[in-house]
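The values are calculated or read from the model by the stated rules, or taken from the named source; none is laboratory data. None of these values were measured; they are calculated from a predicted model. Every residue, glycine among them, receives a Cβ derived from its backbone with ideal geometry; neighbour counts consider all protein chains shown.
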Amino acid sequence: MPELPEVETVKRTLNALVTGKTIERVQVLLPRIIQKPDDIHLFEALLQGQTIQTIERRGKFLRFVLDDYVMVSHLRMEGRYGVYQGDDPLELHSHVLFRFTDGTELRYKDVRQFGTMHLFPKGEELTQPPLSKLGIEPLDEAFTLEAFKSLIAKRSTKIKPLLLNQAYIVGIGNIYVDESLFLAGIHPEREASTLSGKELAALHEAIIRTLRESVEVGGSSVKSYVNGQGEIGMFQHQLNIYGRESQPCKTCGSEIYKTVVGGRGTHICPSCQPLKPKRVRKKSEN
């Protein structure tokens with residue numbers, strides 16, 4: 001599933017490709033993609049004549065900001081957008097077509113068919129699901145160390161499932177949680193409440209660093225992700241631990257193993273990420 005860096009990259013690409021274009025007509029070929037309104041013909045009609053002002057991101061969601069409406073789109077597992085000439089052959093799994101007045105089309109393709117689209121009058125999208133229950137953005141200025149600590153420091157939940165919970169922090173999926181925990185030297189099964197102030201600071205810094213570095217290179221194309229121009233991301237070549245089970249750790253040489261934490265495949269270095277933090281001896285004990 002595309003995570004924050006991948007969705008951010010799609011947002012930036014689509015802004016360059018379709019901002020300022022006016023929708024002439026919309027064709028929905030797979031009705032279940034449209035979650036709101038219930039009537040796909042109303043969805044199609046409301047978008048006619050609307051101009052795309054900008055495209056923004058909230059967590060893993062894209063926000064297509066139009067004249068009077070905002071379309072909230074989630075790519076789920078394998079959803080992708082691409083811009084085509086109107087007479088280009090329709091590729092398999094193309095489910096929603098946005099025809100522009102200049103003759104080009106924005107096409108939404110989704111092999112797994114899990115993606116969703118919601119259409120709201122402008123301003124209402126942030127007060128209703130799916131966006132209303134989302135947590136803090138990890139690349140915003142509001143994501144301070146103090147804010148991070150207040151969200152997770154006293155919780156007895158294991159740290160990995162907590163970081164994956166979009167109600168607390170948005171956009172960090174499985175890849176970037178594993179990478180961030182590795183950089184911070186924290187075992188994914190540690191309870192959040194057991195993390196020291198130093199460990200929380202290290203994790204806060206690791207989350208920001210990992211996401212920023214991934215955004216800079218267009219995200220990770222671990223499976224089928226491409227941006228709006230069909231280009232893959234490059235961060236998979238910089239991964240320290242995700243997808244590297246049975247390989248030596250780049251830091252210490254120990255063999256990375258894969259297990260399941262909170263129902264998600266999880267990569268761990270047993271040396272760099274001990275389950276029990278090392279005890280620091282006091283001088284009096286020496």
*Return yes or no: is LEU181 modelled with pLDDT of 95 or more and over 18 Å from GLN238 (Cα atoms)?*
no
*Mind listing whichever residues of the range 1-29 are assigned to a helix (DSSP H, G or I), over 14 Å from GLU56 (Cβ atoms) and either of a type in the set (S, T, N, Q) or in contact with a strand residue (DSSP E or B) (Cβ under 7 Å, 6 or more places away or on another chain) (or both)?*
LEU17
*Would you please name the residue that is nearest to LEU62 (Cα to Cα), looking only at residues in the range 143-172 that are hydrophobic (A, V, I, L, M, F, W, C) and in contact (Cβ under 8 Å) with a residue 60 or more places away in the chain?*
VAL170
*Taking the range 13-29 as the region of interest, how many residues are surrounded by fewer than 16 Cβ atoms within 10 Å (Cβ to Cβ) and closer than 30 Å to SER214 by Cβ?*
4
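In the list GLU78, GLU125, which residue meets the criterion of being crowded, with 20+ Cβ neighbours inside 10 Å and among the charged types (D, E, K, R)?
One residue alone meets the criteria, GLU125.
Against the definition (among the charged types (D, E, K, R) and in contact with a Gly (Cβ under 6 Å, 6 or more places away or on another chain)), how does LYS122 come out, yes or no?
Values: among the charged types (D, E, K, R): yes; in contact with a Gly (Cβ under 6 Å, 6 or more places away or on another chain): no.
No; evaluated as a whole, the condition is false for this residue.
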_Matching strands (runs of 3 or more DSSP E) fully within the range 42-109 where at least 2 residues are of a type in the set (Asp, Glu) and over 18 Å from THR19 (Cβ atoms)_ = none
*asked:* Yes or no: the range 124-135 includes at least one residue that is at pLDDT 95 or above, part of a strand (DSSP E or B) and touching a strand residue (DSSP E or B) at 6+ places or on another chain (Cβ under 6 Å).
replied: no
*asked:* Filter the range 30-41 down to the residues that are surrounded by 15 or more Cβ atoms within 10 Å (Cβ to Cβ) and either outside any loop (DSSP other than H, G, I, E, B) or not assigned by TED's automatic domain parsing to the domain that holds SER73 (or both) and list them by number.
replied: ILE33, ILE34, GLN35, LYS36, ILE40
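Residue-by-condition table, conditions (1) surrounded by fewer than 18 Cβ atoms within 10 Å (Cβ to Cβ); (2) more than 17 Å from the chain's Cα centre (by Cα); (3) assigned by TED's automatic domain parsing to the domain that holds LYS11; (4) in contact (Cβ under 8 Å) with a residue 12 or more places away in the chain:
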position	(1), (2), (3), (4)
SER73	no, no, yes, yes
SER94	no, yes, yes, yes
GLY103	yes, yes, yes, yes
LEU106	no, yes, yes, yes
ASP110	no, no, yes, yes
_Subset of the range 193-249 that is basic (Lys, Arg) and in a loop (DSSP other than H, G, I, E, B) - its residue that is modelled with the lowest pLDDT_ = LYS223
*From the residues in the range 136-147 that are surrounded by 12 or more Cβ atoms within 10 Å (Cβ to Cβ) and in contact with a strand residue (DSSP E or B) (Cβ under 7 Å, 6 or more places away or on another chain), which one is nearest to LEU4 (Cα to Cα)?*
PRO138
